[in-house]
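Colleague: Mind looking over this structure? Questions follow.
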Amino acid sequence: MAKWFFEPGHTAAEFCVRHMMVTYVRGHFKNVHGTLFFDPANPSAASVEATIDAAGIWTGEADRDTHLKSSDFLDVEHHPKITFKGDQVEVIGENDAVITGELTIREITRTVALRVHYLGQWQTPWWEDGVDKGPKTRAGFMATATINRHDFGVSWDARLENEGVVVGITIEITIDAEAILQEF
């Protein structure tokens with residue numbers, strides 16, 4: 001099985017959550033690291049491990065980012081990493097699969113299913129320190145999942161009138177991954 005690594009500069013995780021009952025807020029994590037064992041001819045044998053630096057959260061609003069890093073939400077001082085490890089793959093289409101694995105946030109681990117769409121692969125240039133090191137094979141993936149933040153101990157909230165909440169419970173996750181074939 002071919003081994004790939006996620007290219008941190010082109011791999012990101014995004015979340016989307018309801019805010020104040022009227023809109024949605026999105027946030028991003030860049031610099032996602034991990035490895036993937038994947039063969040397009042045998043996707044059911046794939047496995048993945050990924051790590052996100054929780055302190056790298058960015059929503060475009062510094063005060064909100066500080067609050068999300070606090071013990072009310074991610075508690076990055078005590079829980080600096082978010083991880084996913086999955087190896088249960090169900091192929092559901094020519095370029096689509098569901099990979100089930102263990103997502104860990106705040107040291108709480110739950111089983112989560114990622115819906116993955118394979119975008120294909122291509123030979124591309126590879127530059128290091130201004131020097132062309134020759135072509136590398138890159139593959140692209142987009143994955144989505146829905147989680148309940150309370151399942152991971154992310155439970156802060158404030159109540160609004162008429163049973164409203166400041167922060168929704170359901171979190172939509174989208175991951176854009178660019179993987180590079182590891183040379184042996």
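Rule-based calculations on the coordinates, nothing more; no lab input. Everything numeric in this text was worked out from a predicted model, so none of it was measured. Glycine gets a Cβ as well: all are built from the backbone with ideal geometry, and neighbour counts include every protein chain shown.
Colleague: How would you rank I180, I175, going from fewest to most other Cβ atoms within 10 Å of each one's own Cβ?
Modeller: Final ranking by Cβ density, sparse to dense: I180, I175.
Colleague: Same structure, new question: List the GluC sites (Glu not before Pro) within the range 90-184 that fall in a DSSP loop (any state other than H, G, I, E or B) and whose Cβ has at most 10 other Cβ atoms within 10 Å.
Modeller: Here the GluC sites (Glu not before Pro) that fit, given the DSSP loop and packing criteria, are E94, E183.
Colleague: Longest span of the chain, sites excluded, free of trypsin sites (Lys or Arg not before Pro) in DSSP loop with at most 16 other C-beta atoms within 10 Å?
Modeller: The segment 31-132 is the longest one with no such site.
Colleague: Specify which labelled value, from [x] 0.96; [y] 1.12; [z] 1.05, agrees with Cα Rg over 2.2 N^0.38 Å derived from the coordinates of the model shown.
Modeller: [y]
Colleague: Please go through the residue pairs K69/K133; K3/K69; K3/K30; K30/K136; K3/K81; K85/K136 and name each one whose alpha carbons sit more than 27 Å apart in this structure.
Modeller: Result: K69/K133; K3/K69 exceed 27 Å.
Colleague: Which of A143, A41, A62 moves the most in a Gaussian network model of the chain with Cα springs under 10 Å?
Modeller: Between A143, A41, A62, it is A41 that shows the largest mean-square fluctuation.
Colleague: How far is the Cα center of the range 88-110 from the Cα center of the range 1-65, in Å?
Modeller: Going from one Cα centre to the other spans 13 Å.
Colleague: Another question, then. Can you pull out the GluC sites (Glu not before Pro) in the range 1-86 whose DSSP state is coil and whose Cβ has at most 14 other Cβ atoms within 10 Å?
Modeller: E61, E77
Colleague: Okay, next question. Skipping prolines and chain starts, which residues have an amide H placed within reach, meaning under 5 Å, of the one on N31, given they are 5 or more residues away or on another chain?
Modeller: T11
Colleague: Then there's this: If we count other beta carbons within 10 Å of each Cβ, what is the order of M21, M1, fewest first?
Modeller: M1, M21
Colleague: Using a cut-off of under 20 Å, list every residue of the range 103-119 whose amide N is near the label point 7 Å from the Cα of A55 along the Cα-to-beta-carbon line.
Modeller: 104-108
Colleague: Please give the contour-minus-distance gain from T83 to D65: 0.36 nm per residue of separation, less the Cα-Cα distance, rounded to one decimal in nm.
Modeller: The span from T83 to D65 would gain 4.5 nm if fully extended.
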